[in-house]
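As structure tokens, the structure follows; a few thoughts come after it.
The values are calculated or read from the model by the stated rules, or taken from the named source; none is laboratory data. Only a predicted model underlies this, so the values are computations on that prediction, with no experimental measurement involved. Glycine also receives a Cβ, built like all others from the backbone with ideal geometry; neighbour counts cover every protein chain displayed. All accessible areas refer to the heavy atoms of the entire protein, side chains included, with ligands and DNA or RNA removed. Shrake-Rupley method; radii C 1.70, N 1.55, O 1.52, S 1.80 Å.
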Amino acid sequence: QLPHTQPWHLWCSASCGSGSSTPCALILVLHGIYSNPSDMQWLTVGTGTAPAFDESPSYGGPFCAAYMKSLNAPWDYEGDGTDSNLIEAAIQHVETTRTLKQDSIHL
């Protein structure tokens, strides 16, 4: 059980929904100090999802973006720390809920 209490957000392109058999890349998006997943969503896709979630292979699609939230204001910067365990749990969640393209996991 992880101690993180604030949610992280998972946004996926159309063919990468829950239960999908389409191989999907995963982009793990980390926030800056004193920031949060919602700030990062706004910085990366603005107020909407199109065309940021274009599934064209030339844009890296199809894919999911996981907007992560550290336990504290900054990340713990440990290779096997609490926050890296959250990132591992996010990857495992995507693996169990849709088809993850194993060679396309990006941070």
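Tell me, what is the percent relative contact order of the chain, built from C-alpha pairs under 8 Å that lie six or more residues apart?
Working: 169 pairs, mean separation 47.3, N = 107.
Worked out over the chain, it gives 44 percent.
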Task: Cut-off 10 Å between beta-carbons: net charge of the residues surrounding Pro23, Lys and Arg +1, Asp and Glu -1 - done: +1
Task: Accessible-area ranking of Lys69, Lys101, largest first, probe 1.4 Å - done: Lys101, Lys69
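Name the shape class, rounded, prolate or oblate, that the alpha-carbon gyration tensor gives for segment 1-47, where a ≥ b ≥ c are the square roots of its eigenvalues, rounded holds for a/c under 1.5, and otherwise prolate holds if a/b is larger than b/c and oblate otherwise.
Details: a/c = 2.60, a/b = 1.43, b/c = 1.82.
Note, shape of segment 1-47 comes out oblate.
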TODO: Select from Ser56, Ser15, Ser38 the residue whose mean-square fluctuation is largest in a Gaussian network model of the chain (Cα-Cα springs shorter than 10 Å).
DONE: Ser56
- [ ] Compute the length gained on full extension between His106 and Ile91: take 0.36 nm times their separation in residues and subtract their Cα-Cα distance, giving the result in nm to one decimal.
- [x] 4.4 nm
Task: Cα gyration tensor of the chain - equivalent ellipsoid semi-axes, whole Å, descending - done: 23, 17, 11
TODO: Determine the shape class of segment 38-96: with a ≥ b ≥ c the square roots of the Cα gyration tensor eigenvalues, call it rounded for a/c under 1.5, and otherwise prolate if a/b is greater than b/c, oblate otherwise.
DONE: oblate
TODO: With the full set of protein chains in place, find how many percent of the accessible area of the chain is carbon and sulfur; take the probe as 1.4 Å.
DONE: 54 percent
Task: Most mobile of Trp42, Trp11, Trp75 in a GNM of the chain (Cα contacts under 10 Å) - done: Trp42
